[in-house]
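Quick notes on the structure that follows.
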Amino acid sequence: MIFIVRTVQKVNTKVGRDLSKSPVESTAEFLVLEPAGYPMTSVLEEYPEIENPGVFEHYAREQWNGFVAREGEYLFDRRMYPDFAYSINEVYPLESVIGLKTKIIVKDPVVSSAPAVEFTSDISFDDVVGQHTARRKCKLIERFLEQPEMFGRWAPRNVLFFGPSGTGKTMFAKALANKTHVPILPVKATELIGEFVGEGARQIHQLYERAQEMAPCIIFIDELDAIALDRRHQELRGDVAEIVNALLTEMDGIVERPGVCTIGATNRNDTIDAAVRSRFEEEIEFSLPDEKERLAILESNVNTFPIPVKDVDLKVIAEMTEGLSGRDLVGKVLKTALHSVIIEDRDNVSQDDLHASVKKLKNVSGASNPDRLYI
Ligand SMILES: Nc1ncnc2c1ncn2[C@@H]1O[C@H](COP(=O)(O)OP(=O)(O)OP(=O)(O)O)[C@@H](O)[C@H]1O
Ligand SMILES: [Mg+2]
């Protein structure tokens, strides 16, 4: 893209160094810019595309008229995408004023259009305790991700994980990606709500486009209720409604995206907008661990303590922690006990330490279900 910028020769002293020390007189012949993104942004950063170079020419002319251009510095958009930065990759002559005949070339963005962070993990299904129903139902997704071509139009496309917080939904999605060796694009629904009208919807489409490039691939949308809350529970903001519509379009598969599977996660499936909920072919429930499962979670995590345990009976702890989630057991019961031992410079974790942290949990809210703790 080349833009001729016609400007009055004016030096903008706000940009660049003190001009009194070294006046910049020459007019830039050309300028190569690269979209650099916002100084601060969410995970889903979006590049404002230049759809009409002619209009952009006028727009750029008004904004950067008279600015001094130096390689490595930035030009900031001040209007439509406030503070969106373009880094100056090249300018000739080296230090010159954007002027009458300066050509401005905007390079395609390199990384800024990446819609989400991809992660792989070393979590396996062996690490997830219980959740047998989820495990059985996920067999199908597993087969699909291993052999997407076999399914054709019968591919599982949208699956909903629901259940109390800390029961292993995110862990499960990671294990699934790991087992099938496919990338996973994790997105928090709240991060999709953009600042500008249309931004959220575009982010959804970009997300699916990126997933398609990497297919087979899992899109994992956490906290789905944040955007797809039933209209009875929340007056949808215009932009949120727009995101929901974009999501529905993608979930309907209007644009074919072979090999892309969406997993949504929520704590409550009954609060999800009916239109969104009906797009999920399968709802997979995650439940709180029973006593045997609590014991297994406690045992496998205690094994990784950096200091030894002494005379502990985890069965007793499992018995008294009914109603707690896996996250409560790991992050609250075990961690609190371990940390207090470390703070007090002791050599090992005892049954009393574990008891004390369960008791503490009973006294503060925050556990999945503290009323069901048997102490
Ligand atoms: N079934 C389980 N087996 C083993 N560990 C578990 C299990 N469930 C939870 N945990 C522990 O709790 C942590 C949190 O689990 P995870 O993030 O998967 O919960 P979640 O269901 O996604 O919660 P949220 O709804 O709040 O997002 C895990 O990293 C793990 O240490
Ligand atoms: Mg989660």
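I need HIS355, HIS58 ordered by Cβ neighbour count within 10 Å, fewest first.
Details: HIS355 17, HIS58 13.
In order of increasing Cβ crowding within 10 Å: HIS58, HIS355.
Taking 56 Å as R0, compute the FRET efficiency from the Cβ-Cβ separation of GLN212 and ASP311 and round it to 0.05. Please list the in-between numbers first.
On the way: r = 56 Å, r/R0 = 0.99.
Between GLN212 and ASP311 the formula returns 0.50.
May I ask for the Kirkwood hydrodynamic radius of the stretch 125-285, worked out over all distinct Cα pairs and given in angstroms to one decimal?
Evaluated over the stretch 125-285, this radius sits at 15.8 Å.
What is the gain in length, in nm to one decimal, between THR304 and LYS335 on full extension, counting 0.36 nm per residue of separation less the C-alpha to C-alpha distance? Walk me through the numbers before you get to the answer.
On the way: separation 31, 0.36 × 31 = 11.16 nm, distance 1.12 nm.
Net length gain for the segment: 10.0 nm.
Skipping prolines and chain starts, which residues have an amide H placed within reach, meaning under 5 Å, of the one on PHE161, given they are 5 or more residues away or on another chain?
Sorted by chain and number, the residues that satisfy this are GLY264, ALA265, THR266, ILE284.
Once phi is turned into ³J(HN,Hα) by the Karplus curve 6.51 cos²θ - 1.76 cosθ + 1.60 with θ = phi - 60°, what whole-Hz value does each residue of the stretch 160-165 show in order, with x for glycine and proline?
Once θ is set to phi - 60°, the couplings for the stretch 160-165 become 10, 9, 9, x, x, 4 Hz.
Sort PHE67, PHE151 so the one with the fewest other Cβ atoms within 10 Å of its own Cβ comes first.
Working: PHE67 23, PHE151 15.
Exposure proxy ranking, most exposed first: PHE151, PHE67.
Can you give me the long-range amide H partners of THR102? Hydrogens built in the peptide plane at 1.01 Å from N, cutoff under 5 Å, separation of 5 or more residues or another chain.
VAL5
Could you list which residues have their amide H under 5 Å from that of VAL349, counting only those 5 or more apart in sequence or on another chain, with H placed in the peptide plane?
For VAL349, whose amide H was placed from the backbone, the distant partners under 5 Å are VAL309, LYS310.
So if R0 is 45 Å, what FRET efficiency would LYS360 and VAL255 give, r being the distance between their Cβ atoms, rounded to the nearest 0.05? Intermediate results must be reported in sequence, preceding the final value.
Working: r = 51 Å, r/R0 = 1.14.
Computed FRET efficiency for LYS360 and VAL255 comes out at 0.30.
Simple spin-label model, 7 Å along Cα-to-Cβ: ARG136 to LYS101 in nm?
The modelled label-to-label distance comes out at 7.8 nm.
Can you give the FRET efficiency for ASP83 and TRP154, using 1/(1 + (r/R0)^6), R0 = 35 Å, r = Cβ-Cβ distance, to the nearest 0.05?
Values: r = 47 Å, r/R0 = 1.34.
That pair, ASP83 with TRP154, gives E of 0.15.
What ranking do TRP64, TRP154 get, fewest neighbouring Cβ atoms within 10 angstrom at the top? Working shown, then result.
Working: TRP64 25, TRP154 8.
Ranking TRP64, TRP154 by Cβ neighbours within 10 Å, fewest first, gives TRP154, TRP64.
Computed from the coordinates by the stated procedures, all read-outs in this text should not be read as laboratory data. On a predicted model such as this, the values are computed, not experimentally measured, just so you know. With ideal geometry, Cβ positions are generated from the backbone for all residues, glycine too; neighbour counts draw on all protein chains shown.
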